[in-house]
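Accompanying notes for the structure given below.
The values are calculated or read from the model by the stated rules, or taken from the named source; none is laboratory data. None of these values were measured; they are calculated from a predicted model. Heads up, the Cβs are rebuilt from the backbone with ideal geometry, glycines too, and the neighbour counts pull from every protein chain shown. Please note that ligands, DNA and RNA were not included when accessible areas were found on the heavy atoms of the full protein model with its side chains. Shrake-Rupley method; radii C 1.70, N 1.55, O 1.52, S 1.80 Å.
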Amino acid sequence: MENKERKIMVAVDESEESMYALSWCISNLISDTKSNNKLVLLYVKPPPAVFSDAAGYIFSTEAIAAMEKYSTELADSVMERAKVIFNNLNATNINIERVIGIGDPKNVICKAVHKLEADTLVMGSHGYGLIKRALLGSVSDHCAKYAKCPVVVVRQP
């Protein structure tokens, strides 16, 4: 009997909390390298730059191109940091898929979970307090409610 591949998605961003969640996931959920696991790293870029700001100023194509370039470099940087974590944990033989989404993180993450048929979603917690979470919203709270798989929210000790 063949083992079904288990997809574990980790939502990563620029934060230390998401990198800690990735380390935790590798150490606790994928520590058995003989099992049939696939680790899906998901980074969500912000939506494309708008052509005008609130005051009605129109950004030049050069400014928009610079913002897009920065966004792509940021995504590459996050994936590179993840690679360092794999190397530090001697997890270089894990089957990894890198996915970059664009848009509102909470919506993109939930859609990616569904589309890629993730079995588990792992996320870091920024540890916002009640007021800050109420004002900014919590991506992990949203995903815990709406993702179509179990969600593990990892807090740094």
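Observations on the structure shown:
- Scanning region 73-115 for residues being part of a helix (DSSP H, G or I) and open to solvent by 60 Å² or more (accessible area, probe 1.4 Å) gives a total of 13.
- Residue in region 46-60 that is open to solvent by 30 Å² or more (accessible area, probe 1.4 Å), at pLDDT 85 or above and either under 19 Å from Val153 (Cα atoms) or not in a loop (DSSP other than H, G, I, E, B) (or both) present: no
- Cross-chain or 6+ apart pairs with Cβ under 7 Å, region 99-110 first and touching a residue at least 24 places away in the same chain (Cβ under 8 Å) and of a type in the set (A, V, I, L, M, F, W, C), then surrounded by fewer than 18 Cβ atoms within 10 Å (Cβ to Cβ) and part of a helix (DSSP H, G or I): Cys110/Tyr146
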